[in-house]
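To keep things clear, I will list the structure first and then write my remarks on it.
Values in this text are rule-based calculations from the coordinates and carry no lab data. Quantities reported herein were computed from a predicted structural model and do not represent experimental measurements. Here Cβ is always computed from backbone atoms with ideal geometry, including for glycine, and neighbour counts include all displayed protein chains.
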Amino acid sequence: MASKMDLRGAKDPEGNTALHWAASRGCLESCRFLVEECGLDVNAVSKLGMTPMSYAAHEGKTQVIRYLLDRGVDPAMPDERGTTPLHNAALQGHCEVVKLLLSQGVPVDPIDHRGAPLQLAVSKDHAEVLKVLLEHSADVSCLFHCYLIGLGMQKR
């Protein structure tokens, strides 16, 4: 039987810990056990720089996100491509997660390889997320940039 100490160093081939997996599935009690009993790091990063918060935001696991925030997670930590939990939540249309992250003071306009969260929300027609981002003063100039790129693609 594996001990609690064994879990601290255990990672899958992509560098994800058990906490990454529990957070992505929304398993709050497992997250508590892994952090409080086994000592797993809430800011642990995979080989691609993904954190448990990144996965929870992508999957819309609000309760897990609240728990991770209470345990001191960095809610704005980007992965190696610059993607933040806010990007993940905006892309997937998780409005409550977007609100929660913004209430923690995360930057509203971080840029990753695809652009800003506002661009991602628009690209997926997530109107409620768009509204929340605009209420938090998201920079709309990024949308003009997308428009120009689209025009350039049409001319080809």
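In segment 4-154, if the dipole is taken from +1 on Lys/Arg beta carbons and -1 on Asp/Glu beta carbons about the Cα centre, which of HIS136, VAL42, PRO117 is farthest to the positive end?
VAL42
Do you know the relative contact order of the chain, to the nearest whole percent, from alpha carbon pairs under 8 angstrom that are 6+ apart?
Values: 229 pairs, mean separation 24.2, N = 156.
Here the relative contact order equals 16 percent.
Run the dipole for the chain about the Cα centre, Lys and Arg Cβ at +1, Asp and Glu Cβ at -1, nothing else charged, and hand back the magnitude in debye, nearest 20.
Roughly 340 debye, rounded to the nearest 20.
Can you pull the one-decimal nm distance between simple spin-label points at GLU135 and ARG32, each 7 Å off the Cα toward Cβ?
3.0
Students often get this wrong, so check it: of LYS11/LYS124; LYS47/LYS124; LYS99/LYS124, which have C-alpha atoms separated by over 25 Å?
The answer is LYS11/LYS124; LYS47/LYS124.
Could you derive backbone 3J(HN,Hα) for segment 108-123 from the dihedral phi with the Karplus parameters 6.51, -1.76 and 1.60 (θ = phi - 60°), listing whole Hz in sequence and x where the residue is Gly or Pro?
Rounded to whole hertz, the list is 7, 10, x, 10, 10, 5, 10, x, 9, x, 4, 4, 5, 5, 5, 5.
Where does the chain land at 222 nm, in deg cm²/dmol rounded to the nearest 500, when only DSSP H runs of n ≥ 4 count, each adding -39500 (n - 2.57), divided by all residues?
-14500 deg cm²/dmol
Along the charge dipole of the chain, which of SER54, THR83, CYS31 sits closest to the positive end, that is, farthest toward it, with unit charges on the beta carbon of Lys, Arg, Asp and Glu (+1, +1, -1, -1)?
THR83
Quick one: which residues, 5 or more positions from ALA116 or on another chain, have an amide H under 5 Å from its amide H? H modelled 1.01 Å from N in the peptide plane, none for Pro or chain starts.
Correct list: empty.
Sorted by average packing, counted as other Cβ atoms within 10 angstrom per residue and highest first, what order do 55-62, 93-100 take?
Details: 55-62: 23.2, 93-100: 21.0.
Top to bottom by mean Cβ count within 10 Å: 55-62, 93-100.
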